Amino acid sequence: MSESFYTDKARVRASFEKAAASYDAAAVLQREVSDRMAERLDYIKHQPELILDAGAGTGYGAAELRRRYPQARVIELDLAHAMLQASRERAREGDGLLKKLFKPSAPWQINADIECLPLADASVDMIWSNLTIQWINVPDKMFAELRRVLKPDGLLMFSTLGPDTLAELRGAFAGVDGATHVNEFIDMHDIGDALMRAGFAEPVMDMEKIVLTYDDAKSVMRDLKAIGAHNATAGRGRGLMGKAAWRKVEEAYEKHRRDGKLPASYEVVYGHAWKGTGKKLAKMSDDGRQVIEFVKKAQRAD
């Protein structure tokens, strides 16, 4: 990947800090992917005592993990402090009768970078990361960190975005100027290779396409801004786009209109793997190389 497409982490942090208040109202995709990711846990035998939600956002996934594993302690970690604060406020509000009967406890939280975890070696049983690692430029360091903090036979489960994400929007911006306007994402196979280099065992990957629909291009951009996911590439333009250039983008996007709506496609990649020691051993090919299991690609347009 060219360095011009690398994500500016300071920009990412600032974007999510600003988006904390508007995030929940616009995070339709994030909740849907979290739910589909949670369904995969039904088929995995694992009873964690300590879970790290790496990239917890406003706490939606952490709440599901607490429901699913009531005996476990869930640690929420996020780069943006405002996101964690929003999660604390959600927990403080409680839920109906439960709020009246019990004073909700504040969640355990860490404001930190997923590439440099302030956790001890072999300290957590499971790592859950929903739509976070797409903001990492080179995944090797991050996967090494995740493996470091996992206990032996610990589980890593994650979702991320693939390179076909927002293809319609990217195509609409093509040719407008020399800057990048839509974030670039790493291919599923490259993610799998990075998992193996980090020493994870039994990696399983699959992908599906989810399509959201909008009335116009401005609504697409508005939602991306509301969830803090607008362009954060190092090669982005530094000034505002002129009206004439924006009209060209809208005209190009209109070519994708179907049934009165504009699509915004997301290539969602799911993966899980184990810390490769003890009971969980790497699957090896005949020539001694570890095998990645790529499940047949699904095509769900929702």
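With the requirement that a residue be in a helix (DSSP H, G or I) and either among the basic types (Lys, Arg) or out of contact with any strand residue (DSSP E or B) (no Cβ under 8 Å at 6 or more places or on another chain) (or both), what does the range 243-268 give you? So that I can check it myself, show each step before the final result.
In the first step, residues of the range 243-268 are kept if they are in a helix (DSSP H, G or I); the result is 243-254.
Answer for the range 243-268, where residues must be in a helix (DSSP H, G or I) and either among the basic types (Lys, Arg) or out of contact with any strand residue (DSSP E or B) (no Cβ under 8 Å at 6 or more places or on another chain) (or both): LYS243, ALA244, ALA245, TRP246, ARG247, LYS248, VAL249, GLU250, GLU251, ALA252.
For the condition surrounded by 15 or more Cβ atoms within 10 Å (Cβ to Cβ), among the small types (Gly, Ala, Ser), in a helix (DSSP H, G or I) and at pLDDT 90 or above, GLY271 does not qualify.
Residue-by-condition table, conditions (1) within 26 Å of PHE294 (Cβ to Cβ); (2) under 17 Å from the mean Cα position of the chain (by Cα):
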{"residue": "MET142", "(1), (2)": "yes, yes"}
{"residue": "ASP153", "(1), (2)": "yes, no"}
{"residue": "LEU156", "(1), (2)": "yes, yes"}
{"residue": "THR160", "(1), (2)": "yes, yes"}
{"residue": "ASP164", "(1), (2)": "yes, yes"}
{"residue": "GLY171", "(1), (2)": "no, no"}
{"residue": "ILE186", "(1), (2)": "yes, yes"}
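Residue-level analysis places GLU202 outside the set of residues that are over 27 Å from PHE16 (Cα atoms), modelled with pLDDT of 90 or more and exposed (fewer than 15 other Cβ atoms within 10 Å of the Cβ).
Mind listing just one residue for me: the one in the range 124-141 that is crowded, with 16+ Cβ neighbours inside 10 Å and of a type in the set (Val, Ile, Thr) and, of those, farthest from ARG31 (Cα to Cα)? Please lay out each step first, then the result.
Taking the range 124-141 as the starting set, the residues that turn out to be crowded, with 16+ Cβ neighbours inside 10 Å are 124-137, 139.
Going one step further and asking which of them are of a type in the set (Val, Ile, Thr), we end up with 124, 127, 132-133, 136.
Working: VAL124: 24, ILE127: 18, THR132: 13, ILE133: 16, ILE136: 21 Å.
Out of the qualifying residues, it is VAL124.
GLY242 passes all but one of (1) surrounded by fewer than 15 Cβ atoms within 10 Å (Cβ to Cβ); (2) of a type outside the set (Phe, Trp, Tyr); (3) modelled with pLDDT of 90 or more; which number fails? Exception for GLY242: condition (3).
Show the residue pairs that are 6+ apart or on different chains and have beta-carbon atoms under 6 Å apart, the first residue being within the range 205-226 and farther than 19 Å from ASP259 by Cβ, the second being in a loop (DSSP other than H, G, I, E, B) and open to solvent by 20 Å² or more (accessible area, probe 1.4 Å). That search, which allows pairs on different chains as well, returns ASP206/VAL295; MET207/LYS297; GLU208/ALA298; GLU208/ARG300; LEU224/HIS230.
Annotation: of all residues in the range 49-58 being in a loop (DSSP other than H, G, I, E, B) and more than 11 Å from ASN130 (Cα to Cα), the one that is least open to solvent (accessible area, probe 1.4 Å) is THR58.
In the set (1) surrounded by 12 or more Cβ atoms within 10 Å (Cβ to Cβ); (2) modelled with pLDDT of 75 or more; (3) acidic (Asp, Glu), GLU251 fails one condition alone, (1).
Please determine whether any residue of the range 168-189 is under 25 Å from ILE114 (Cα atoms) and in contact with an Asp or Glu (Cβ under 7 Å, 6 or more places away or on another chain). The answer is no, given that none of the residues of the range 168-189 is under 25 Å from ILE114 (Cα atoms) and in contact with an Asp or Glu (Cβ under 7 Å, 6 or more places away or on another chain). Scanning the range 63-96 for residues that are of a type in the set (Lys, Arg), part of a helix (DSSP H, G or I) and either farther than 15 Å from ALA21 by Cα or touching a residue at least 40 places away in the same chain (Cβ under 8 Å) (or both) turns up ARG66, ARG67, ARG68, ARG92.
So that you can scan it fast, the table gives a plain yes or no per residue for (1) open to solvent by 20 Å² or more (accessible area, probe 1.4 Å); (2) in a loop (DSSP other than H, G, I, E, B):
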{"position": "LEU119", "(1), (2)": "yes, yes"}
{"position": "ALA122", "(1), (2)": "yes, yes"}
{"position": "PHE143", "(1), (2)": "no, no"}
{"position": "ARG147", "(1), (2)": "yes, no"}
{"position": "LYS151", "(1), (2)": "yes, no"}
{"position": "LEU156", "(1), (2)": "no, no"}
{"position": "GLY171", "(1), (2)": "yes, no"}
{"position": "VAL182", "(1), (2)": "no, yes"}
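Among the candidates ALA229, ALA201, which residue alone is within 17 Å of THR132 (Cα to Cα) and either small (Gly, Ala, Ser) or part of a helix (DSSP H, G or I) (or both)?
Values: ALA201 fails: within 17 Å of THR132 (Cα to Cα).
The unique qualifying residue is ALA229.
From the list ASP164, ASP190, ASP216, ASP177, the one residue that fits, being surrounded by fewer than 17 Cβ atoms within 10 Å (Cβ to Cβ) and touching a Ser or Thr at 6+ places or on another chain (Cβ under 7 Å), is ASP164.
The values are calculated or read from the model by the stated rules, or taken from the named source; none is laboratory data. Here the structure is a predicted model, which is why all the values come from computation and not from measurement. When we count neighbours, we look across all protein chains shown, and the Cβ atoms used for this are built from the backbone with ideal geometry, even at glycine. The protein model used for the area step is the full one, side chains on, heavy atoms only, and it has no ligands, DNA or RNA in it. Shrake-Rupley method; radii C 1.70, N 1.55, O 1.52, S 1.80 Å.
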